[in-house]
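Everything on this sheet refers to the single structure shown next.
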Amino acid sequence: MKEPECFDGTQPFKVRSFIQSCQLIIHNDPENVSQDRKKVLHATSFLIARAAKWIEPHLSNLINQDPNYLLNYWQLFESQLFTLFRDPSEVRKAEGELDSLRMKEGRHVSVYIAYFRSLVSRIGEWG
C-alpha cells in the first residue's frame with residue numbers, strides 16, 4: 001500500500017486526505033501499527049515544513065508522557081491536526097453546497113448520493 005504524501009500544512013484542503021491516507025495504512029497493517037503511539041509516530045514521519053514545526057516540540061518529549069498526551073493518543077492527534085491545518089470556512093462552504101444541492105436531470109442518483117454523503121461527512125467531521 002502506498003504511503004501518504006508528505007503534509008506540509010500550507011494547503012488546508014490536503015489535511016483531510018493526509019489523515020485518510022494514514023488511516024488506510026493503519027487499517028491495512030493493524031499488527032505493525034496497532035497502538036495509538038505507533039499510529040501517531042508513523043503519521044508524524046510524513047509531516048514536513050510548517051506541520052513538522054508544529055509537532056517538533058512534542059517529539060522532544062517522547063519519554064515519560066501521560067497516556068493521554070498528544071503522541072500517545074491517535075484521536076487527539078487527528079483532531080488537533082484537523083483543527084490547526086484545515087480551512088476554517090470549510091464547514092460553511094459544505095453547508096452552502098448542501099443547501100443548494102439539487103438532483104440534476106439526466107444524472108444518476110448514485111452521483112447525487114455520493115456527493116451528498118461527501119458534504120455531510122465534511123460537516124460532521126469539522127462542524
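Values quoted throughout were computed directly from the atomic coordinates according to the rules given, and no laboratory measurement underlies them. None of these values were measured; they are calculated from a predicted model. Positions of Cβ are generated from backbone atoms using ideal geometry, with glycine treated the same way; all protein chains shown enter the neighbour counts.
Tabulated data
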| quantity | calculated |
| --- | --- |
| Ranked list, fewest to most other Cβ atoms within 10 Å of each Cβ, for Val40, Val109 | Val109, Val40 |
| Region 8-25 - phi-based ³J(HN,Hα) in whole Hz, Karplus 6.51/-1.76/1.60, Gly and Pro as x | 9, x, 8, 10, x, 5, 8, 5, 5, 5, 4, 4, 4, 5, 4, 5, 4, 4 |
| Cut-off under 5 Å, modelled amide H: who pairs with Leu47 long-range | Phe7 |
| Residue of Leu101, Leu59, Leu84 that the Gaussian network model of the chain assigns the largest fluctuation, springs spanning Cα pairs under 10 Å | Leu101 |
| Potential lengthening between Asn61 and Lys104 on full extension [0.36 nm per residue; Cα-Cα distance subtracted] | 10.1 nm |
| Peptides 5-13, 43-51 ordered by average Cβ neighbours within 10 Å, highest first | 43-51, 5-13 |
| Computed over the chain: relative contact order in percent, which uses C-alpha pairs under 8 Å that are six or more apart | 25 |
| Choice from Phe18, Phe82, Phe116 showing the highest fluctuation, given a GNM over the chain with Cα pairs closer than 10 Å | Phe116 |
| Karplus-derived 3J(HN,Hα), 6.51/-1.76/1.60, for each residue of region 28-39, Hz, glycine and proline x | 7, 10, x, 6, 8, 10, 8, 8, 4, 4, 5, 4 |
| Candidates Lys38, Lys53, Lys104: whichever shows maximal mean-square fluctuation once the chain is modelled as a Gaussian network with Cα springs under 10 Å | Lys104 |
| Residue-wise HN-Hα coupling along region 90-105, computed from phi with Karplus coefficients 6.51, -1.76, 1.60 (Hz; x: Gly, Pro) | 4, 5, 4, 4, 5, 5, x, 5, 5, 4, 9, 5, 9, 6, 8, 4 |
| Which listed pairs, of Lys2/Lys38; Lys14/Lys53; Lys14/Lys104; Lys14/Lys39, have C-alpha distances above 25 Å, in listed order | Lys14/Lys104 |
| Relative packing of peptides 89-95, 70-76 - highest average C-beta neighbours within 10 Å first | 70-76, 89-95 |
| Helical contribution to [θ] at 222 nm, DSSP H n ≥ 4, -39,500 (n - 2.57), averaged over the chain, rounded to 500 | -18500 deg cm²/dmol |
| Exposure proxy order (Cβ contacts within 10 Å, fewest to most) of Met1, Met103 | Met1, Met103 |
